[in-house]
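Derivation of every value follows stated rules applied to the coordinates shown; laboratory data play no part. Predicted model only: the values in this text are computed from it and were never measured. Counting neighbours? That spans all protein chains shown, and the Cβs are built from the backbone with ideal geometry, glycine included.
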Amino acid sequence: MAFPKKKLQGLVAATITPMTENGEINFSVIGQYVDYLVKEQGVKNIFVNGTTGEGLSLSISERRQVAEEWVTKGKDKLDQVVIHVGALSLKESQELAQHAAEIGADGIAVIAPFFLKPWTKDILINFLKEVAAAAPALPFYYYHIPALTGVKIRAEELLDGIQDKIPTFQGLKFSDTDLLDFGQCVDQNRQQQFAFLFGVDEQLLSALVMGATGAVGSTYNYLGKKTNQMLEAFERKDLSLALNYQFCIQRFINFVVKLGFGVSQTKAIMTLVSGIPMGPPRLPLQKASREFTDSAEAKLKSLDFLSFTDLKDGSLEASS
Ligand SMILES: CC(=O)N[C@@H]([C@@H](O)[C@H](O)[C@H](O)CO)[C@@H](O)CC(=O)C(=O)O
């Protein structure tokens, strides 16, 4: 199999799914969102329908439409659009994988099924293999997020010999803090050209030291520019400057984590910073409180992540 695509590297924004106040998907702002990521944040890769995108809270038909809209609006602007196609139902996952191929996505990613769970590596591989086979021309990424799926099979174990079973396997999206597991994934697969995409934004610098080739995360929607500066400093081997950037990013994430941080809060912050209305999350998530948004705004300003002139009208929309 030949993959014409460039290796997925650098920052990948885990996109939010914009919604209207009525809870419908707001497709009308996706074009603007693409431009914002590229022009304001310098982020040209996206990960659609993942955790941040509430992919598992959307219907299959919605997931297809969202994927299609991002691919269409990202054409000639974005480098790569990866679609998360994981689902509890293998059939649905395969349908989404096939659809991603049909619409011209650049790759697919899959989480472990998390209700009736695979308990061994081989069972998980069998599930992933069946999904990957539905899109045999698309690069395949395993999305490791054990805290949310409850599937604790170590990524290092999973990667051992994975390309023999899944020839389209191209990389790992690692959303966990176990840097021993992550480091061993890199170390044991040095001969492969896999993408190692780290998914804990506040710890990215440590993962870069371990050999991460890129990162997928929610904060790259609005802290992409700052994180790109960190990547550039790391690339120039200016570790002290890179650390300054990481600490600065950590100060913000640490602050919001203490207030209670998740997808709802990401929607509110992105609305505030970009001026593009992301709307409320879908149940069971609850909209971020006005108090949260005000505190986050003050913190962003104090860290110089946001100036008064950056504020757009949409900032009001973020709060209840
Ligand atoms: C649990 C979670 O949502 N993790 C985020 C991080 O970007 C996270 O928001 C960030 O590190 C702040 O803690 C990503 O790993 C999720 C992600 O990439 C996705 O939306 O698919």
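Taking trypsin sites (Lys or Arg not before Pro) across the range 1-99, the ones in a DSSP loop with at most 11 further Cβ atoms lying within 10 angstrom of their Cβ are Lys6, Lys75. Secondary structure note: in the range 8-223, about 5% of the DSSP beta bridges are antiparallel. Derived scalar couplings between HN and Hα for the range 194-205 equal 6, 8, 10, 9, 8, x, 10, 4, 6, 10, 4, 4 Hz in order, rounded to whole Hz, by the Karplus curve 6.51 cos²θ - 1.76 cosθ + 1.60 (θ = phi - 60°), x for Gly and Pro. In the chain, a dipole from Cβ-located charges (positive for Lys and Arg, negative for Asp and Glu) runs towards its positive end, and of Ile276, Thr219, Gln191 it is Gln191 whose Cα lies farthest in that direction. Mean-square fluctuations from a GNM of the chain, with a 10 angstrom spring cutoff on Cα atoms, peak among Leu159, Leu116, Leu37 at Leu116. Dividing the summed helix terms, -39500 (n - 2.57) for each DSSP H run of n ≥ 4, by the number of residues in the chain produces a 222 nm estimate of -12500 deg cm²/dmol to the nearest 500. Under 5 Å from the amide H of Gly171 lie the amide H atoms of Phe140, Tyr142, Ala195, each residue being 5 or more positions distant or on a separate chain, with H modelled from the backbone and absent for Pro and chain starts. Cross-link pairs exceeding 28 Å in C-alpha to C-alpha distance, out of Lys44/Lys91; Lys7/Lys77; Lys6/Lys165; Lys226/Lys287, comprise Lys44/Lys91.
Here the relative contact order of the chain, from alpha carbon pairs under 8 Å that lie six or more residues apart, stands at 18 percent.
When +1 charges are put on Lys and Arg Cβ atoms and -1 charges on Asp and Glu Cβ atoms, the dipole computed for the range 40-128 relative to its Cα centre reaches about 180 debye. Whole-Hz Karplus values for the range 29-38 come out as 9, 5, x, 5, 4, 4, 4, 4, 4, 6 Hz, taken residue by residue from phi with 6.51 cos²θ - 1.76 cosθ + 1.60 and θ = phi - 60°; glycine and proline positions read x.
If you run the Gaussian network model on the chain, springs between alpha carbon atoms under 10 Å, then out of Val43, Val263, Val209 the most flexible one is Val209.
Can you give the angle from 0 to 90° between the axis of helix 263-274 and the longest principal axis of the chain, with both taken from C-alpha atoms, to the nearest 10? Tilt relative to the chain: about 50 degrees.
Taking Ala101, Ala132, Ala109 in turn, the Gaussian network model of the chain (Cα-Cα springs below 10 Å) assigns the largest fluctuation to Ala101. When the range 1-106 is described by a simple charge dipole with +1 on each Lys and Arg Cβ and -1 on each Asp and Glu Cβ, the residue from Ser59, Gly86, Asn22 located farthest towards its positive end is Gly86. If the Kirkwood radius is taken over C-alpha pairs of the range 148-194, then at 37 °C and 0.692 mPa s the Stokes-Einstein diffusion coefficient equals 290 µm²/s.
Expressed as a fraction of 2.2 N^0.38 Å, the value expected for a compact globular protein of N residues, the C-alpha radius of gyration of the range 97-242 is 1.07. The Cα-based radius of gyration of the chain, divided by its Kirkwood radius, gives an Rg/Rh of 0.94. Net charge in the neighbourhood of Phe247 (other residues with Cβ under 15 Å of its Cβ; Lys, Arg +1, Asp, Glu -1) is -1.
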